[in-house]
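The values are calculated or read from the model by the stated rules, or taken from the named source; none is laboratory data. Computed from a prediction, not measured in an experiment: that's the story for all the values here. Note: ideal-geometry Cβ built from the backbone for every residue, glycine included; neighbour counts use all protein chains shown. To get the accessible areas, we keep the full protein, side chains included, count just its heavy atoms, and leave off ligands, DNA and RNA. Shrake-Rupley method; radii C 1.70, N 1.55, O 1.52, S 1.80 Å.
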Amino acid sequence: MERSFADIEARLADVSESYARIMENIALAAQKTGREASDIEFVAVTKTVPVEIINHAISLGVTHIGENRVQELASKYDDLAKDNLTVSVIGHLQTNKVKQAMPMTHMIQSVDSERLALEISRRAQEAGKTVECLIEVNIGEELSKSGIGFEEAEELVFKTGELPGIKVSGLMVIPPFDEKIEKTRRYFEKIHKLFIDIGAKNYDNKNIVMKYLSMGMSSDYAEAILDGSNMVRVGSALFGRRNYTI
């Protein structure tokens with residue numbers, strides 16, 4: 001079904017209002033931890049979001065977007081307003097999609113195995129670039145989710161940091177969903193401690209700089225910031241409910 005001009009205008013207005021509200025919430029949460037809003041990297045999750053809506057968000061101030069699927073990113077990439085735009089792959093990345101992703105992405109937030117890290121390294125070297133990577137930790141040990149196990153995460157950080165063409169910049173996590181935010185925050189606190197502990201063990205490896213803790217999404221980004229996150233990935237709270245028919 002074609003969308004009318006009025007429908008698009010209404011959605012643009014909704015995104016503008018949502019973005020202002022989210023930025024205010026981020027500033028308030030950051031302030032409570034002694035930080036500024038500028039200390040929090042905001043990633044707009046653009047899964048199923050049309051390009052014109054994404055570009056509107058960019059015009060409002062979004063400088064970092066995250067796509068779950070390489071194929072969807074490729075379908076939008078040429079039409080994105082890419083000046084000063086950082087593009088992340090945030091979904092599970094298959095090794096056979098790394099080559100396609102390489103020209104489009106600055107950061108891969110879902111490195112969950114040495115095999116994937118080796119392929120990223122190989123393709124980055126072929127492209128003559130260095131890719132920022134975050135190690136995805138399956139904090140809840142959920143079979144339905146990707147990510148390295150909590151106990152193996154530190155080892156993967158250091159193994160990945162030894163590979164050319166990669167800069168390990170931190171951790172990413174999607175905790176188990178729970179309606180009680182107190183339970184979610186326990187996972188946040190646990191991963192934040194791991195993030196700090198690994199950062200204290202860098203041993204002069206210039207390819208490992210624990211800069212980002214990518215933690216918190218639409219339903220819990222403010223709480224994640226309170227528990228140490230400095231990168232939040234927000235989709236539906238900004239763009240509204242996803243439309244999988246687009």
Given a 10 angstrom Cα cut-off, can you work out which residue in Met102, Met231, Met23 is the most mobile in a GNM of the chain?
Met23
From the helices alone, meaning DSSP H stretches of at least four residues, give me the mean residue ellipticity at 222 nm for the chain, per-run term -39500 (n - 2.57), in deg cm²/dmol to the nearest 500.
-12500 deg cm²/dmol
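With loop defined by DSSP as not H, G, I, E or B, and exposure as at most 12 other Cβ atoms within 10 Å, which is the longest segment of the chain clear of exposed GluC sites (Glu not before Pro)?
Between exposed loop sites, the widest span is 37-140.
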Options Val131, Ala117, Asn207, ranked by Cα towards positive dipole end of region 110-246, top entry (Cβ charges):
Val131
Under a 10 Å cutoff between Cα atoms, tell me which one of Thr33, Thr48, Thr184 has the largest fluctuation in the Gaussian network model of the chain.
Thr33
Roughly speaking, what is the centre-to-centre gap between region 138-216 and region 4-83 when only Cα atoms are used, to the nearest Å?
24
Along the Cα→Cβ direction, 7 angstrom out, place labels at Glu162 and Leu60. What is the inter-label distance in nm?
4.5
Say each of Glu72 and Lys32 gets a label point 7 Å from the Cα, pointing the same way as Cα to Cβ; how far apart are those two points in nm?
3.0
Out of Asn205, Asn138, Asn55, any idea which swings most in a Gaussian network model of the chain, alpha carbons joined below 10 Å?
Asn205
Accessible area per residue in Å² at 1.4 Å probe, computed on the chain:
50
Counting only C-alpha contacts under 8 Å and six or more residues apart, can you give the relative contact order of region 172-246 as a whole percent?
27
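Which net charge results for the neighbourhood of Ser59, defined as the other residues with beta-carbon distances under 12 angstrom from its beta-carbon, given Lys and Arg at +1 and Asp and Glu at -1? Provide the component values of the computation, followed by the final result.
On the way: positive: none; negative: Glu52, Asp83.
It works out to a net charge of -2.
Using a Förster distance of 51 Å, how high is the FRET efficiency between Arg21 and Arg115, based on the Cβ-Cβ distance and rounded to 0.05?
Working: r = 41 Å, r/R0 = 0.80.
With a Förster radius of 51 Å, E is 0.80.
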Rough spin-label spacing in nm, given labels placed 7 Å along Cα→Cβ, for Asn96 and Lys193
4.1
Exposure rule at most 10 other beta-carbon atoms within 10 Å, DSSP loop trypsin sites (Lys or Arg not before Pro): the chain longest free segment
1-179
